[in-house]
1. What fraction of the DSSP beta bridges in segment 3-238 is antiparallel, stated in percent and rounded to the nearest 5?
2. Which semi-axis lengths, in whole Å and largest first, follow from the square roots of five times the eigenvalues of the Cα gyration tensor of segment 338-414?
3. For a protection proxy built on the mean count of beta-carbon atoms within 10 angstrom, sort 103-115, 289-301 highest first, please.
4. Just list whichever of LYS140/LYS179; LYS65/LYS190; LYS360/LYS432 have alpha carbons separated by over 27 Å in the model shown.
5. If you count, for each residue, the other Cβ atoms within 10 Å and average over each peptide, how do 414-420, 28-34, 309-315 line up from highest to lowest?
6. If R₀ is 35 angstrom, what is the calculated FRET efficiency for the pair HIS188 and GLN308, using the beta carbon separation as r and rounding to 0.05?
7. Can you tell me the FRET efficiency between GLU441 and ARG225 if r is taken as the Cβ-Cβ distance and R0 is 41 Å, rounded to the nearest 0.05?
8. Going by Cα centres, segment 237-304 and segment 374-416 are how many Å apart?
Amino acid sequence: MENILTITNISRSFPGVKALDRISLSVKQGEIHALMGENGAGKSTLIKIISGAISPDTGGQISYKGQPILHNSPSLAKRLGIGVVHQEFYLIRELSVAENIMLHHYPSRRGFVDWKILYNRIEQLLQELEFEIDPRSKVKNLSIAEQQMVEITKCLSQNAELIIMDEPTAALTIQERSKLYRTIGKLHDKHLTIIYISHAIDEVFSLADRISILRDGKFVTCLERKQFDWNRLIELMVGRSIDHEFPTRECNSGDKVVLSVRSLSNQTVFRDIAFDLKEGEVLGLAGLVGAGRTELIKALYGADPHAQGEIRILGRKSNICSPHVAKSAGLGFVPENRKEEGLVLSLAVRQNMSLPSLDKITRFGFLKKKQEEKKLQHYIHRLNIKTPSLRQRVNNLSGGNQQKIVLAKWLLAGSTILFMDEPTRGIDVGAKYEIYLLIDELVRSGVSVLLVSSELPELLALADRILVLSNGSITGEFERENFDAEIIMSCAFNLEQSEVN
């Protein structure tokens, strides 16, 4: 097969960071070419250069279909046939699904938008992709998974010949992922070319024809399918051997109940929730997308003031009516969407880490800078956060380091109960392992963790106990010695065991 894309000696620098260092690789016509590496390896920067969002430093070259691309831009890349499904959504929330997909190329009649043709065309496209979404729905009313589907559909509607997919399954359920895999298979059968970025190794192994690996902004190697090997891939990505996907951990929880929830309900999503969280325990919360897990955690943290029920912290009834009250009670929240809810991207590392702890590092309204910097450096070192300095803007850091900063700010604030909603989503295998070790370290020190994850193997490895949420109700509770993936999934679907067998 001929190369559709050739990248030669591409570099890109940002203030204090060498994101790409003389990268050279090629993508063949009609292949699924995976691009893998840790957060900060340079994958996102390379995607932005290919799609024309940013320019490379001088000295390199990108060729598409044998022709050099000069003065690339997003509009030029689209005209050439390069489409991108970004990990971050680029959707207009107030517009409908169909309007977002057909933005800038609406069908018209006599100078007016032909809405009938618009909606019929998008409805047909969504059906072909097996995406069950109403084209008339506003994007703001869609789940994260549904918004991801709209992004995929928007890219495919532009007749791209080379499609770059950046973590396209990160927010999808098992069923939705299966549909996407079938869609990718259809595109592959039509000899379209796909550059596929994912941290899910099993997923890449099942889909990709070849894998190119980046590490610290440099090209490492390209593996053919016959060379695919889990241990070798991990070592090439992180530069060291990781013997197991998950660390070995033991249950450290005692009998002391630190958080007690009774009859917690809201009007629309969940009802009659009751459970206890013990000191030093990792309590997993399993369920499908839409089961109400995120909404439950937000209610516990006071971000949803409409929930009703009883919450007790260390045996004392607490009125958690706002995040401020929750923080004062020793609760911390690592949200699913770190960029919108966990960080202020325009601020530096220092401000993001210090925000919840200002009352502890100020005196008479003035920062105690030496004390602040000492504490910040402690957690920078403890969590192995890679940043040129505390003054670095958070939006210039990799996703894994951004997530570590979200964790660090709550550790700095002294939180003793942590709500973690998908804490490893969109994070590479090396950073995941570090967060797993950190969670184990925290519970050993007496911190209690309520952990939401859509990755059942992750919950099975980390949790001391698992609650299963289905359609807003708890449908199962499992102690570690009774973990059974099949039974847990049957509870998530709210099936009787007889229906599973």
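Rule-based calculations on the coordinates, nothing more; no lab input. On a predicted model such as this, the values are computed, not experimentally measured, just so you know. Note: ideal-geometry Cβ built from the backbone for every residue, glycine included; neighbour counts use all protein chains shown.
1. That works out to approximately 60 percent antiparallel.
2. 19, 13, 11
3. So the peptides 103-115, 289-301, ranked by packing, come out 289-301, 103-115.
4. Long pairs (Cα-Cα over 27 Å): LYS360/LYS432.
5. 414-420, 28-34, 309-315
6. Rounded to the nearest 0.05, the efficiency is 0.10.
7. The calculated FRET efficiency here is 0.60.
8. Spelled out, the Cα-based centre of one part sits 23 Å from the other.
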